[in-house]
Amino acid sequence: MSVSSAKKVLMNESRAIAKLADRIDRGFNEIIDTLAKNKGRIIVTGMGKPGFIAQKVSATLSSTGTPSLYLHPAEALHGDIGRVTRDDVIIAFSNSGETEELLKLLPIIKKIGARLITVAGNRKSTLAKNSDFVIDSSVRREACPMGLAPTTSTTAMLAIGDALAVALLERKNFQPKDFALFHPGGTLGKRLILRVEDIMRRKDETPLVSKGVRVKDVLLKITRMRAGSASIVDARGKLIGIFTDGDLRRHFDQGKDLLTRKVGDVMTRNPCSITPDRLAAEAFEVLRDKKIDEIPVVNNKGKLVGLLDVQDILKAGLV
């Protein structure tokens with residue numbers, strides 16, 4: 001029974017959202033134009049469950065480059081309406097369009113001079129009739145079997161809010177670098193901001209040897225510096241090879257003289273490398289695709305400047 005009920009809810013709400021797409025017309029472009037040209041902030045408001053939707057929409061707008069704040073209608077009636085200026089645009093969410101607290105704000109909004117966009121389930125409502133723009137969020141029925149609890153109607157409002165935010169960020173040509181600016185914390189922000197040079201092991205922290213050094217001494221250096229490989233460079237400091245535990249295993253059956261051989265004879269030549277300006281997230285993709293744990297970091301002249309280990313990426317919280 002529970003599975004059946006859950007499926008009915010999801011089907012009900014998905015059909016409602018699909019029907020919303022049919023209502024999007026040229027009038028939507030006018031709304032986006034108004035929001036894009038707005039010199040102030042976008043004030044989002046709603047009472048009850050639509051109020052929670054309004055909060056989420058305001059947060060989405062703010063995180064995608066459009067200054068926004070949520071205004072509680074009841075608090076607005078007790079002084080918070082002072083946050084609104086004539087340069088702002090207000091987006092009000094109300095299923096009935098007759099929410100008492102919102103209706104009481106209408107004359108004040110008109111006096112201030114802010115423009116009003118209403119997302120409502122009733123285009124003939126008082127709120128809709130007194131708005132500059134109206135988006136029809138009506139649904140055939142709520143997912144609630146009693147038709148009482150706001151379910152499908154609030155899902156529809158949320159979808160419309162997302163449509164507004166995405167259309168607006170595209171109009172503003174909002175780019176990933178801009179997104180990163182507003183998301184400096186957490187994995188998302190780190191993936192968009194952190195570069196290889198921010199988390200790599202510096203040159204003096206990297207086992208660095210010439211090709212004439214004995215394998216035994218290379219292994220000692222790797223162990224002493226707590227790394228998983230050694231980078232081999234020429235006299236100019238240019239990367240020419242890498243020696244890893246994989247190379248050690250591959251040559252182990254060549255006899256006891258392996259430890260006394262020159263590392264240049266058993267190293268992996270022309271290894272995969274990365275530049276310090278690349279995103280750390282891109283470096284992780286390289287490590288994963290190549291199935292390696294470490295990658296040398298070189299400058300644009302091919303000279304070694306550091307080493308990036310998968311453990312450095314894990315410590316940075318990128319994955």
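The values are calculated or read from the model by the stated rules, or taken from the named source; none is laboratory data. Worth saying up front: this structure is predicted, and the values here are computed from it rather than measured. Positions of Cβ are generated from backbone atoms using ideal geometry, with glycine treated the same way; all protein chains shown enter the neighbour counts.
Among what's in the range 1-29 and is of a type in the set (Asp, Glu) and surrounded by fewer than 12 Cβ atoms within 10 Å (Cβ to Cβ), pick the residue that is nearest to residue 128 (Cα to Cα).
Looking at residues that are of a type in the set (Asp, Glu) and surrounded by fewer than 12 Cβ atoms within 10 Å (Cβ to Cβ), I get 25.
Within the range 230-243, take every residue that is without any contact (Cβ under 8 Å) to a residue 40 or more places away in the chain and in a loop (DSSP other than H, G, I, E, B) and give me the one that is nearest to the chain's Cα centre (by Cα).
Ranking the candidates gives 234 first.
Does residue 261 satisfy the condition of being of a type in the set (Lys, Arg), surrounded by 14 or more Cβ atoms within 10 Å (Cβ to Cβ) and within 20 Å of residue 299 (Cβ to Cβ)?
Against the criterion (of a type in the set (Lys, Arg), surrounded by 14 or more Cβ atoms within 10 Å (Cβ to Cβ) and within 20 Å of residue 299 (Cβ to Cβ)), residue 261 does not qualify.
Given the criteria part of a helix (DSSP H, G or I), more than 26 Å from the chain's Cα centre (by Cα), among the hydrophobic types (A, V, I, L, M, F, W, C) and crowded, with 21+ Cβ neighbours inside 10 Å, does residue 35 qualify?
no
Does residue 102 satisfy the criteria of being under 21 Å from residue 167 (Cβ atoms) and either among the basic types (Lys, Arg) or part of a helix (DSSP H, G or I) (or both)?
Taking the combined requirement at face value, the residue does not satisfy it.
Taking the options 125, 131, name whichever one is more than 10 Å from residue 95 (Cα to Cα), among the hydroxyl-bearing types (Ser, Thr, Tyr) and modelled with pLDDT of 95 or more.
131
Go through the residues of the range 211-229 one by one and say whether even a single one is in the same structural domain as residue 295 (by TED's automatic domain parsing), under 17 Å from residue 287 (Cα atoms) and part of a strand (DSSP E or B).
Looking through the range 211-229, at least one residue is in the same structural domain as residue 295 (by TED's automatic domain parsing), under 17 Å from residue 287 (Cα atoms) and part of a strand (DSSP E or B).
If you go through the range 20-32 one residue at a time, how many are acidic (Asp, Glu) and in a helix (DSSP H, G or I)?
Of the residues in that region, 2 qualify.
So the check is Cβ under 6 Å with 6+ separation or different chains; which pairs have a first residue in the range 122-136 that's on the phi < 0 side of the Ramachandran plot and a second one that's among the basic types (Lys, Arg) and not in a loop (DSSP other than H, G, I, E, B)?
Matching pairs, first to second residue: 132/115; 136/23.
Scan the range 74-97 residue by residue and report those that are within 14 Å of residue 43 (Cβ to Cβ) and without any contact (Cβ under 8 Å) to a residue 24 or more places away in the chain.
Matches in the range 74-97: 75, 80, 82.
Could you figure out which of (1) in contact with a Leu (Cβ under 7 Å, 6 or more places away or on another chain); (2) modelled with pLDDT under 90; (3) among the small types (Gly, Ala, Ser) isn't true of residue 246?
(1)
With the requirement that a residue be aliphatic (A, V, I, L, M) and either outside the structural domain of residue 91 (by TED's automatic domain parsing) or in contact with a Gly (Cβ under 7 Å, 6 or more places away or on another chain) (or both), what does the range 140-170 give you?
The one that is aliphatic (A, V, I, L, M) and either outside the structural domain of residue 91 (by TED's automatic domain parsing) or in contact with a Gly (Cβ under 7 Å, 6 or more places away or on another chain) (or both): 169.
Quick one: count up the residues across the range 70-99 that are under 33 Å from the mean Cα position of the chain (by Cα), of a type outside the set (S, T, N, Q) and in a loop (DSSP other than H, G, I, E, B).
Count: 5.
Is it the case that the range 3-17 has a residue that's over 26 Å from residue 149 (Cβ atoms) and of a type outside the set (Ser, Thr, Tyr)?
no
Do we have any residue at all in the range 261-283 that's β-branched (Val, Ile, Thr) and part of a helix (DSSP H, G or I)?
Yes, there is a match, as at least one residue in the range 261-283 is β-branched (Val, Ile, Thr) and part of a helix (DSSP H, G or I).
Looking only at the range 108-115, decide whether some residue is at positive phi, in the same structural domain as residue 142 (by TED's automatic domain parsing) and in a loop (DSSP other than H, G, I, E, B).
Checking the range 108-115: at least one residue is at positive phi, in the same structural domain as residue 142 (by TED's automatic domain parsing) and in a loop (DSSP other than H, G, I, E, B).
From the residues in the range 249-288 that are more than 24 Å from the chain's Cα centre (by Cα) and of a type in the set (Asp, Glu), which one is modelled with the highest pLDDT?
For the range 249-288, the residue satisfying everything is 265.
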